[in-house]
Amino acid sequence: MKVHGRCNLACRYCYLYEGPDRTWRGRPAAASPAVLDRTAGRIAEHAAAHGLRRVALVLHGGEPLLAGPGRLAALADGVRERVPAGCAVHTTVQTNATLLTDAGIATLARHGIGVGISLDGGLAAHNTLRTDHAGRPSWPAASRGARLLADHHPDAYAGILTVVDPRTDPLEMYESLLALRPPALDLLLPHGNWSSPPPGLPDLTDTATGPGSGRATPYGDWLCTVFDRWWLAPRRETRIRLFEECVALLLGLPAATESLGLDPLNAVVVETDGSIEQVDSLKSAYDGAATTGLDVFRHTFDEALRHPGVAARQAGAGALAPACRACPLLTVCGGGHYAHRYRADNGFGNPSVYCADLERLVRHVAARLADATAGDPP
Ligand code: SF4
């Protein structure tokens, strides 16, 4: 639920406001009470229709705290009250942490809302691109917010989301984040695709870019270094979803992530005007890529599931490029993140632009797992 569609920061790399998509310009800044009420009703309707035992409600933006903790609390309560008995609603807010206050976090916590924060690392030097609209650094306020969570509200602390920058020292980056004591870390690859490549990848016009191509793998190398630091630590210092999911998939267990595996995507976004859209990451591909033409006033979430763009992401291996279908890593990698497969001349039917980096990571994790289990009884 996009409770607020603007941001108090203007991070230089932001794919939402600096990328190709322009749909946000025509939408209200904040979701109205009518949109929030209707969305709560649609979530409850969907939970009842499918007998769901669990719903994940993510309050995001823009910067969701611009809507105020009270409005977020009211929405969370409204959804919880309306879903059928026995359906748990797991609510989190994803914030840039600059607007967190002691009283605000306490309000969120009282209403069962976990707080996830987005940072580029745990040091001021990692966060220089995260500035406000006047170019002032966000780090002083964001680090204060992170400390408030870690020191005074650990039970409300959901974790840190960080976009990988292979120019940083992976160990310094990881340990600086650990110092903020997150219970979980989400390490995300920056959004990019074959037509608009992410920073730092070698020349993608070279056709030898797939598995076994031998191309440089700056993102894969960075992730492997952090994986070893995390995997070989004497105790689990934090959870890293990307790594846990990779291990689970290698062991043949189900894992739900947008970045790996073949599980169908089970998320939609409600915009501030009530439009139902596909996930925001698609907006990094082209203007209007996430649009469905549906909205919570006229359509159910089941209708959104039948939208061709959403349906394409329920088709598992059948929707992947031939190279992915023939790939030995298919069931673990799953073609990578959907948005990273885009190419302007043929859409999403390609391997991930990170193909070689994903191969590097998956093979590395598989080797570590094989070492760890060598000699175990079958
Ligand atoms: S499944 Fe992953 S590693 Fe294999 S070809 Fe597709 S993107 Fe590349």
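Every read-out reported here was derived from the displayed coordinates using simple, explicitly stated rules and does not represent laboratory data. Just so you know, these numbers come straight off a predicted model, no measurement behind them. All Cβ positions, glycine included, derive from the backbone under ideal geometry; neighbour counts span all protein chains shown.
The Rg/Rh ratio for the chain is 0.95, where Rg is the radius of gyration of the alpha carbons and Rh is the Kirkwood radius. Residues considered: Gly335, Gly122, Gly318. Largest GNM mean-square fluctuation over the chain, using C-alpha springs under 10 Å, is found at Gly318.
Based on DSSP H segments of at least four residues, each scored -39500 (n - 2.57), the chain has a per-residue ellipticity at 222 nm of -9500 deg cm²/dmol. Computed about its Cα centre, the charge dipole of region 247-378 is approximately 460 debye, with only Lys, Arg, Asp and Glu carrying charge at their Cβ.
Computed from phi, the 3J(HN,Hα) profile of region 92-106 under the Karplus parametrisation 6.51, -1.76, 1.60 (θ = phi - 60°) reads 9, 10, 10, 10, 7, 6, 6, 9, 6, 10, 4, 5, x, 5, 4 Hz, with x in place of Gly and Pro. Here Arg239 and Arg298 are evaluated by their C-beta separation; at R0 = 30 Å the FRET efficiency comes out at 0.15. Of the trypsin sites (Lys or Arg not before Pro) found in region 118-167, those in coil by DSSP whose Cβ has at most 16 other Cβ atoms within 10 Å are Arg167.
Close amide-amide hydrogen proximity is noted between Ile240 and Leu185, each under 5 Å apart and 5 or more residues distant or on a separate chain (H modeled in the peptide plane; Pro and chain starts excluded).
Fewest neighbouring Cβ atoms within 10 Å first, the residues Glu258, Glu245, Glu237, Glu359 line up as Glu237, Glu258, Glu245, Glu359. In the chain, if the dipole is taken from +1 on Lys/Arg beta carbons and -1 on Asp/Glu beta carbons about the Cα centre, which of Leu358, Leu180, Phe301 is farthest to the positive end? Of the options given, the answer is Phe301.
In a fully extended conformation the segment linking Thr373 and Ala88 would gain 99.0 nm over its present Cα-Cα distance, using 0.36 nm per residue. For Ala158, nonlocal amide neighbours, meaning residues 5 or more places apart or on other chains whose placed amide H falls under 5 Å from its own, are Val115, Gly116. Calculate the translational D of region 107-206 in whole µm² s⁻¹ from Stokes-Einstein, where the hydrodynamic radius comes from the Kirkwood formula applied to all Cα pairs, the temperature is 20 °C and the viscosity 1.002 mPa s. Taking Rh from Cα pairs, D becomes 143 µm²/s.
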